[in-house]
Structures are given as structure tokens and as C-alpha cells.
Amino acid sequence: MTLPTDGFIFPGISTRVVFGPGTLARTAEEVERLGGNRALVLSTPNQADDAKSLSTQLGALSAGTFCEAAMHTPVEVTEKALEAFRQSGADCVVSIGGGSTIGLGKAIATRTGVNQIAIPTTYAGSEMTDILGETENGRKTTRRDASIRPETVIYDVDLTLTLPAQMTVTSALNAIAHGVEALYAPDANPVTSLMAVEAMRAFKAGLPVLRETPRDAEARARVLYGAWLCSTALGYVAMSLHHKLAHVIGGSFNTPHAETHAILLPHTTSFNSAATDALKPMEEIFGATPGAGLWDFAKQADAPMRLQDLGLSEADLDTAAEIAVQNSYANPRPFTQDDIRSLLQAAWEGRRPEH
Ligand code: NAD
């Protein structure tokens, strides 16, 4: 590990984490620990049964459910949820689901100041961060604020046993993307770097097992552990080119979040690996140069590999490259619109990167 020459700041980790199989049963205890009396349980329509069963389990501590969470946290859904929150007499929220549900919990918490417990069921990694992306009139804006970060996160491995195969892979690559960008972030510190590398080892060990035996509890635990580490790292450092491109493509062409991350990652990693030694630990983990190693890992896991399969045309790549250079942001390697256009071409074709 090379220490940053000008020192570093480690901001501390403020979220309480309860990790392990069967930990969902400890939700009531965690609500009470935060001083909560009545929790509104949130989910997407898909996971309404999970939310209702958790609400039943909470008994008198439940203020009911709101099961209309949607991708990219639309403000109109948040307004409806806030109305339900007020009418229910709730004093805290419990979000059970992926990044979409956790986003809704964050949107309610930052507007009302109430405590939130997040119970993630994917590896996307919103639960540990102070980041909230919201959509209004078709535009997604992202902000960071301490009031957005959940107070408690419950990682129950059992909830991930039935995560569908495709979502397991794409959401794991979404998590690894946080780890890659944490490694070369301008405000990286030795603790976030340790977390990112440890997470990659966990994914490398666990994901191939899940391809063969999706309900393997030990591999599920490993992968969820990796997701926790990546989410934590994401919550304390700035993100760069990879997240920007995923945001531009998702926002402009409405492509699915986790798939977009999964396809772009080997290419953004390859592009940046030329400019930094921070990704060197990945070579030993993935057995090749960082971008190529990740591409091999994704291919073996049956991940989607080509932007064209998400319905993008080559003309869309021109548009995306143009938008991606409109604002400046930190990145280990400077780039031009042409650089981005060729990176996107490789991702569109699904070519194995050289580096
Ligand atoms: P998601 O939350 O949209 O979930 C996709 C679908 O899968 C939903 O219908 C959900 O109910 C279902 N699902 C979730 N877990 C399941 C399980 N275990 N079994 C069966 N079905 C399950 O998808 P996601 O990839 O977790 O989250 C994507 C969203 O999260 C995006 O809006 C993204 O911007 C956001 N995100 C935010 C941050 C942050 O720090 N703010 C970080 C990562 C992702």
C-alpha cells in the first residue's frame, strides 16, 4: 500500500451494521434502539410481500407499508410516500429492497429528518452512502448530504438467496465499480482502499460459486460482504469517469442501471488503469491487467457485455460522448470527447480491452 504523500482524512464510519443470516428478525430491536415507535416499511411493488411480512413481524412497531418505490427515485413517488408517511403516524422508515427502495427511504429521511433502517436485497450499494439521485421531469440530479445516510443497515444473507442470476451478476459488477473508483478517487484513504481490495477478493471468490449454486449460503455471504465494503467505500470518496458515464447513458437512454454499470466497467477501468498504479492490486485478484481481468471475470459470470444489446445505436454513442464532456470532474486520466467515443465503441461492441 502506497500512502498518499500529502496525507489523508479518514472521516469515520457512522452507520451501524448488523450482518448475517437471519438478521431480519432483529429489525424490531434495531427500530427500538434508534428510539423509534412506529416504522413505515418501504418496498417496490415486486417486493410488497416481503414488506408486508416484515410489517407483520414488527407488530405494534409498524405503521404499515408503502410499496411503490421505483427506479431512480421519481419525486412524484416520494411526494405520495411522504403523504402516506404523515397519515400513518410513522416516526422512522425501514426500506427493504434494492437501490430503488433505499433511495425512497433516503428521500423521505432527508425531507423529514427521521431515522432510517436499510435492509438491502441486492449488491447495488446505496445503503451505506450519503448520496441520493432523484428524477423530476425526466432529469436526474444527484446530491450528497449527511441527512441522507441511513443510521442502521441490516444485511440479512437469507434475503439474497433468491436474487435472480442475472441481477446477482450485474449488481455485483455495479458494486465492483464502486470499488474500482474508490481505489483511484482523489480523496481515497488507506481504509477505503483496503475495503475496495478486500471486496474484490470476496467477489472473485463468491460469484463463480453462485453461478453453479445460486443458493450457496457461504458464497452469498461473501458476496454480500463485498457489497457492504464497496458501498462503504463509495460513501466516503468522490466518483469519477465510470459513474459519470453510467449516469449519462442511464439518464439519456433509460438503460437499466446495473447492466449499464456491468458493461461499461471493464472499459472505464482499462482506460484509467493506464494512468494510475492504484488499480495494481486488481491484477493479482483477476489474473490479468485490470480492464482485461474484469472483462474475463464478467464474461465467465455470464454478464451482459455489449451496449448494443441494451438498444443503443452508434449515433447514441456520439450523443453520450458529447454529454459526458460537458462538465468537468475528477479522473486520474484527462480525456477528450474522442477518447470517450472510442471507449464507448469498445463497450458497444463488447471487445476485450487490452489493459
Ligand atoms: P432495484 O432496487 O431497482 O431493484 C430491481 C428490481 O429487483 C426491483 O423490482 C426489486 O424489487 C427487485 N429485487 C431486489 N432485490 C431482490 C431480491 N433479493 N429478489 C428478487 N427481486 C429483487 O435495483 P438496484 O440495482 O438494487 O438499484 C438501482 C437503483 O439504486 C438506481 O436507481 C441507482 O441509481 C440506485 N443506486 C444508488 C446509490 C447511491 O449511493 N445513492 C448506489 C447504488 C445504486
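The values are calculated or read from the model by the stated rules, or taken from the named source; none is laboratory data. All figures in this text were calculated on a predicted structure; none of them were measured in a lab. Positions of Cβ are generated from backbone atoms using ideal geometry, with glycine treated the same way; all protein chains shown enter the neighbour counts. Ligands, DNA and RNA are stripped out before the accessible areas are found, and what is left, the full protein with its side chains, is counted by its heavy atoms. Shrake-Rupley method; radii C 1.70, N 1.55, O 1.52, S 1.80 Å.
Contact annotation: residue pairs with Cβ atoms under 6 Å, 6 or more positions apart or on different chains, pairing a residue in segment 341-355 that is modelled with pLDDT under 95 with a partner that is buried (at least 21 other Cβ atoms within 10 Å of the Cβ), are His355/Ser270; His355/Ser273; His355/Gly291. Against the numbered list (1) under 21 Å from Gly291 (Cβ atoms); (2) within 12 Å of the ligand (Cβ to nearest atom), Ser193 comes up short only at (2).
Name every residue in segment 90-107 that is open to solvent by 10 Å² or more (accessible area, probe 1.4 Å) and either of a type in the set (Val, Ile, Thr) or near the ligand (Cβ under 7 Å from one of its atoms) (or both), in order of residue number. Within segment 90-107, Gly98, Gly99, Ser100 qualify. Name the residue that is nearest to the ligand (Cβ to nearest atom), counting only residues in segment 66-89 that are among the small types (Gly, Ala, Ser) and open to solvent by 10 Å² or more (accessible area, probe 1.4 Å). Only one residue fits best here, namely Ala70. Given the residues Ala205, Ala199, which is the only one that is more than 10 Å from the ligand (Cβ to nearest atom), in a helix (DSSP H, G or I) and open to solvent by 10 Å² or more (accessible area, probe 1.4 Å)? Result: Ala205 is the single residue among Ala205, Ala199 that is more than 10 Å from the ligand (Cβ to nearest atom), in a helix (DSSP H, G or I) and open to solvent by 10 Å² or more (accessible area, probe 1.4 Å).
Which pairs have Cβ atoms under 9 Å, sit 6 or more apart or on different chains, and link a residue in segment 279-303 that is not assigned by TED's automatic domain parsing to the domain that holds Arg333 to one that is among the aromatic types (Phe, Trp, Tyr) and open to solvent by less than 20 Å² (accessible area, probe 1.4 Å)? Correct list of pairs: empty, since none qualify. Applying the set (1) among the hydroxyl-bearing types (Ser, Thr, Tyr); (2) out of contact with any helix residue (DSSP H, G or I) (no Cβ under 9 Å at 6 or more places or on another chain); (3) open to solvent by less than 30 Å² (accessible area, probe 1.4 Å) to Thr129 leaves exactly one unmet item: (2).
Quick grid of which residues meet (1) part of a loop (DSSP other than H, G, I, E, B); (2) open to solvent by 40 Å² or more (accessible area, probe 1.4 Å); (3) over 12 Å from Val248 (Cβ atoms); (4) of a type in the set (Lys, Arg):
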| site | (1), (2), (3), (4) |
| --- | --- |
| Asp302 | yes, yes, yes, no |
| Leu312 | yes, no, no, no |
| Asp316 | no, no, no, no |
| Ala321 | no, no, no, no |
| Ser328 | yes, yes, yes, no |
| Phe335 | yes, yes, yes, no |
| Ser342 | no, yes, yes, no |
| Arg351 | yes, yes, yes, yes |
| Glu354 | yes, yes, yes, no |
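The residue that is farthest from Ser171 (Cα to Cα), among those in segment 208-222 that are in contact with a Leu (Cβ under 8 Å, 6 or more places away or on another chain) and surrounded by 15 or more Cβ atoms within 10 Å (Cβ to Cβ), is Asp216.
Summed over segment 226-243, residues that are away from the ligand (no atom under 16 Å from the Cβ) and open to solvent by 10 Å² or more (accessible area, probe 1.4 Å) total 0.
For the criterion of being within 16 Å of the ligand (Cβ to nearest atom), under 23 Å from the mean Cα position of the chain (by Cα) and of a type in the set (Val, Ile, Thr), Thr255 passes. Considered as a group, the residues in segment 113-144 that are of a type outside the set (A, V, I, L, M) and free of Cβ contacts under 8 Å to residues at least 60 places away in the same chain include one that is farthest from Arg220 (Cα to Cα), and that residue is Asn137.
Criterion applied to Val114, Val180, Val209 was being assigned by TED's automatic domain parsing to the domain that holds Leu54 and of a type in the set (A, V, I, L, M), and the one residue passing it is Val114.
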